[in-house]
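For reference, the structure is listed below as structure tokens.
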Amino acid sequence: MSPDPTETQSDASLKSRDLDKAWLGTPISEFNRIPQCAPPLSYLKAAHNHTVTIRTDLLREEDVLVSYPTKFRDAWDDGMVKMPCSEKNLFPVETEVCLLNCDPQDAILRYHTSHAKKWDFTALNLLCTEVSGSEYMTHTQSIFKMNRCYKLCMNHSLTMSQEQIACLLANAFFCTFPRRNSRKFEYSNYPEINFYRLFEGASTRKIEKLKTLLCYFRRVTQTKPEGLVTFTRQTLNQPPNWESSQIQLTRLHITCEGTIESEGYGMLQVDFANRFVGGGVTGHGLVQEEIRFLINPELIVSRLFTEALEHNECLIITGSEQYSKYSGYAESYKWVESYKDETPRDDWQRRCTEIVAIDALRYRHFLEQFLPEKITRELNKAYCGFYRNNANVKHLSAVATGNWGCGAFGGDTRLKALIQMMAAAEAGRDVAYFTFGDAQLMRDVHEMHTFLTERQVTVGHACGHEYRDSVYRNNRMQVIPPHEP
């Protein structure tokens, strides 16, 4: 490629110095994080748009959380998750005591006699052989019964205790949730929740995933978890008029080192989500979203009550805890050891960890993503995850993100970075961007951000067709012809 004729000697010198840097932009220490930037919380109570499954009048630090309602109330209607302990659950099943004294595979198959010749437990059996698993598996068997669980509707929040979540996940391990072993019928628009696919095959992926999850079950049975977690399904009803926006880009910290969950602590951490949240976490998948759901297993319970996300929706999870350390990615993923999460809790006894699941579009053809309507869709999706209604900007944490919608989804890393920076600016948040070892991407995105901020380009102007060629050309991207109306 020939040198850029507009590049000055000073510009070339700055680029040369950037070659040895691990990060560029604003120091990450200057960015907002929770709990320091968060406003005081109101008293936790149930409302028309917020379901709370514990006694809020007894919510005090170091006190035992009490479920609400305190006694089981059977429900088998469209607004509730169908529970294993319902009288209307017609699975042929032996007594609970018998199940709890069984080998895990036997326990699962006694509950699902019709699947005895269909389901494959190779991975589960291999793990039992490797780690003397019969004793290991008993950790899932001491947490089994939960009162009831609501489906998560639009613009609604559900707050539940970590102990209740552990109970639900134990049921998922034993595959007890009725009508959830097929996506063909009633729950066709929900992710899978029962773990039966996780037990299949001899893949090392499955072994490492099971190790990570059993670390969680061991921890929550040894020491009862005492906090709360809130799940919020947020809908964007009125998206911004992007081309008329007068907002300029906010600050950027971009690095080729570190991870969203570690260096991005206290920030709004992006889950590169599937529209069925959790993606392949209970199957073969093992990339960014699945790894996050494994090390923070309380995220998995969202699959029980969260229908597939629409184009204008996101899922926000506040308070989940990390239980495991890991290394690698995809085929190289390994569970390393148990992790003690020291993240402080807020006044609702939630860990100050906020994760937002936003699902990017999947592209068959590379150039498709540069169409204006596709860019607008991704801007709206990212903004849906980043904005908070009536929030004061000074109380908003930075966004911790990375190569959202790239990889298997086919997204262009530089375009997706620009889209996220624009959406974050519109929402009033700074951006901490993790390139996961890609130093060239770090330099390119920083150069693009510098190009736009030095010229005080607004989000609206950047959305305009006349800027597209110059921005892409400046960052050595393929030039996409302007869209003709």
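The values are calculated or read from the model by the stated rules, or taken from the named source; none is laboratory data. What you see is a predicted model, and the numbers here were worked out from it, not measured in a lab. With ideal geometry, Cβ positions are generated from the backbone for all residues, glycine too; neighbour counts draw on all protein chains shown.
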Of (1) in contact with a helix residue (DSSP H, G or I) (Cβ under 7 Å, 6 or more places away or on another chain); (2) of a type in the set (Val, Ile, Thr); (3) within 24 Å of Tyr187 (Cα to Cα), Thr306 fails just (1)
Just give me the residues in segment 264-280 being within 11 Å of the chain's Cα centre (by Cα) and over 14 Å from Glu313 (Cβ atoms), in sequence order. Leu268, Gln269, Val270, Phe272, Gly278, Gly279
Please count how many residues of segment 370-422 are without any contact (Cβ under 8 Å) to a residue 24 or more places away in the chain and either surrounded by 22 or more Cβ atoms within 10 Å (Cβ to Cβ) or in contact with a Leu (Cβ under 9 Å, 6 or more places away or on another chain) (or both). 1
Looking at (1) closer than 21 Å to Glu263 by Cβ; (2) at pLDDT 95 or above, can you tell me which one Gly407 breaks? (2)
